[in-house]
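To start, the structure under review is shown below, and the notes come after it.
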Amino acid sequence: MTENVMRRARYLVVEALYEADASGHEPEAVFKRRLAELVDEEPDLGNPGPSGYGVGAARGVTRRMEELDTYIQDAATQYPVDTLAVVDRNILRLAIWELLSDGASPAAAVVNEAVELAHRYGGETSPAFVNGVLRTISARIIAAREARSAPGPAITP
């Protein structure tokens, strides 16, 4: 396999989120089904890292959907979340979940992965849209994280 196995796991998560959004299926169950379909031809996907990431991402996006959609709506005020292209909406949800859940991944890397997903799955304008929305959101998340970790004012007696 030439592609990074974690990128392939992200592809599967986006596919699962898309199917779930379009059909009402459970994202985690869809991810597990797709993984089982592909693991014979791509055995690395079944390893604990990529498969655990995928299950956790599908579960995490599902649990935090309302919060993730609020981030999207706040950054793309002219586009109601429910009117966005299904694939764009779910790429954004996954990336925002990653930004919120894993402070270890640099924001730029998360944004770049999302833009790659948009190139693969989205329409002609999807990569630029995803990039713009995520740049705004990642700046807000980083600023909030820094504000929480900043030392408080010194108290003098």
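The values are calculated or read from the model by the stated rules, or taken from the named source; none is laboratory data. Keep in mind the model is a prediction, meaning the values are calculated, not measured. Cβ: placed from backbone, ideal geometry, glycine included. Neighbour counts: every protein chain shown.
Quick notes
- Only one of the listed residues (Ala144, Ala75, Ala154, Ala107) is buried (at least 18 other Cβ atoms within 10 Å of the Cβ), at pLDDT below 95 and not assigned by TED's automatic domain parsing to the domain that holds Lys32. That residue is Ala107.
- Checked against the criterion of being in the same structural domain as Ser23 (by TED's automatic domain parsing) and either within 24 Å of Ala22 (Cα to Cα) or among the aliphatic types (A, V, I, L, M) (or both), the candidates Arg120, Arg93, Arg59, Arg89 yield just one match: Arg59.
- Filtered residues of region 110-155 (kept if among the aliphatic types (A, V, I, L, M), under 16 Å from Ala75 (Cα atoms) and over 15 Å from the mean Cα position of the chain (by Cα)): Ala128, Ala139, Ile142, Ala143, Ala144
- Pairing residues of region 34-52 that are without any contact (Cβ under 8 Å) to a residue 40 or more places away in the chain and farther than 19 Å from Leu17 by Cβ with residues that are among the hydrophobic types (A, V, I, L, M, F, W, C) and assigned to a loop (DSSP other than H, G, I, E, B), at Cβ distances under 6 Å and at least 6 apart in sequence or on separate chains, gives Gly46/Val39.
- Look at (1) surrounded by 12 or more Cβ atoms within 10 Å (Cβ to Cβ); (2) at pLDDT 95 or above; (3) not assigned by TED's automatic domain parsing to the domain that holds Ala20 and you find that Thr83 fails only one, number (1).
- Ala108 being of a type in the set (A, V, I, L, M) and part of a helix (DSSP H, G or I): yes
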